Amino acid sequence: MPLVTMKEILVPARQNKYGVGAFEFWSLDSAQAVVEAAAEQNMPVILQAGKLECDFAGGIKNLSRIAKMVADEASIPVALHLDHAEEYDFILSAIDAGFTSVMIDASAKPYEENVALTQKVVAAAKPAGITVEAELGRLVGNEGNISVDSREAAQTDPADAKRFVEETGIDALAVAIGTVHGFYQFEPKINIERLKAIADVVSIPLVLHGGSGTPDYKVQEAIENGIAKVNICTEFVAAFGKQYTSTQSAEGFKYSIPSLFGPSKEAGKALAASKIKLFSLK
């Protein structure tokens, strides 16, 4: 089926207390791994890419073509989301390329500047029927070209979150509640009480960035308390990478396209399937 907007997927997820997986992709096989896993569980899914993935694929339009091709063959709803975009012009290029959802990440800026830039993105995206995600608060770790250390991290304030959503008109809010971008370098301490306070005053779908490595029970607890979208990047990439290595070290391995790349696609698909099942609370 044709690509759908992320809002179409996330509103029912928040209402019915299940989560939708948003997986970073960079190629045809990575997109297929995600969508095939979702289709087998009859769950909607989000393909997302940031600037690093777009550059790797030779441009944002190439990833849009891949996503459209895979979605057209899918039996389940698929959204195409631009992840962690900091520049307005890059967001416009995603809209032009056919992305059905965009994220403006101005969380590093002062509150008023974050609001102003987010309002500008909403004004450009909403008339085209495109979902807008924004972020309030900052996560430790690396995501694309963004790097935040522990001194710069700040969890989302519920009162600010309510005001931010009202002032910007966004469709989804990414919150900082103790997760990190990339694998954890310390014991995770996910602030569910803060999430509950945010969910009490913010009715739109909430987004959990830094899903890789977060304990399963904490992810499910977060979903039960307002999270509708869970981002997975590092674990998905690692599934491909680790399998590439083990495949080539197996006794009798001989190079061919299926023998080298096939097992990694299956490893990525298995990882995506496990996350989708977890998020659906089945």
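The values are calculated or read from the model by the stated rules, or taken from the named source; none is laboratory data. The model shown is predicted, which means the values in this text are computed figures rather than measured ones. Glycine gets a Cβ as well: all are built from the backbone with ideal geometry, and neighbour counts include every protein chain shown.
Figures for the structure shown
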read-out	value
Of residues in the range 104-113 being part of a loop (DSSP other than H, G, I, E, B) and touching an Asp or Glu at 6+ places or on another chain (Cβ under 9 Å), the one surrounded by the fewest Cβ atoms within 10 Å (Cβ to Cβ)	Ala108
Selection count, the range 247-279, where residues are in a helix (DSSP H, G or I) and either small (Gly, Ala, Ser) or closer than 30 Å to Ala13 by Cβ (or both)	19
From Lys162, Lys218, residue being at pLDDT 95 or above, surrounded by 15 or more Cβ atoms within 10 Å (Cβ to Cβ) and not in a loop (DSSP other than H, G, I, E, B)	Lys162
From Ala116, Ala128, Ala67, residue being over 14 Å from the mean Cα position of the chain (by Cα) and surrounded by 18 or more Cβ atoms within 10 Å (Cβ to Cβ)	Ala67
Count of residues meeting criterion [surrounded by 20 or more Cβ atoms within 10 Å (Cβ to Cβ), modelled with pLDDT of 90 or more and of a type in the set (A, V, I, L, M, F, W, C)] in the range 131-159	3
Subset tally (residues that are assigned to a loop (DSSP other than H, G, I, E, B), more than 28 Å from Leu3 (Cα to Cα) and among the small types (Gly, Ala, Ser)) for the range 114-142	1
Count of the range 42-59 residues which are surrounded by 16 or more Cβ atoms within 10 Å (Cβ to Cβ) and under 19 Å from Tyr18 (Cβ atoms)	6
Where a residue in the range 106-120 is free of Cβ contacts under 8 Å to residues at least 60 places away in the same chain and its partner, wherever it lies, is charged (D, E, K, R) and exposed (fewer than 14 other Cβ atoms within 10 Å of the Cβ), with Cβ under 9 Å and at least six apart	Ala106/Glu113; Ala108/Glu152
Test: residue in the range 29-37 that is touching a residue at least 60 places away in the same chain (Cβ under 8 Å), surrounded by fewer than 21 Cβ atoms within 10 Å (Cβ to Cβ) and either among the hydrophobic types (A, V, I, L, M, F, W, C) or assigned to a loop (DSSP other than H, G, I, E, B) (or both)	no
Lone unmet requirement of (1) at pLDDT 90 or above; (2) in contact with a Lys or Arg (Cβ under 7 Å, 6 or more places away or on another chain); (3) buried (at least 20 other Cβ atoms within 10 Å of the Cβ) for Val201	(3)
Check on Arg65, without any contact (Cβ under 8 Å) to a residue 24 or more places away in the chain and among the charged types (D, E, K, R)	yes
Hits in the range 74-100 - residues which are acidic (Asp, Glu) and in a helix (DSSP H, G or I)	Asp89, Asp96
Sole residue being surrounded by 23 or more Cβ atoms within 10 Å (Cβ to Cβ) and modelled with pLDDT of 95 or more, chosen from Ser101, Ser93	Ser101
Complete set of residues in the range 229-246 that are outside any helix (DSSP H, G or I) and farther than 13 Å from Gly213 by Cα	Lys229
Any pair with Cβ under 8 angstrom, 6 or more apart, that starts in the range 167-186 at a residue that is under 17 Å from Arg14 (Cα atoms) and modelled with pLDDT of 95 or more and ends at one that is part of a strand (DSSP E or B) and of a type in the set (Lys, Arg)	Ala172/Lys229
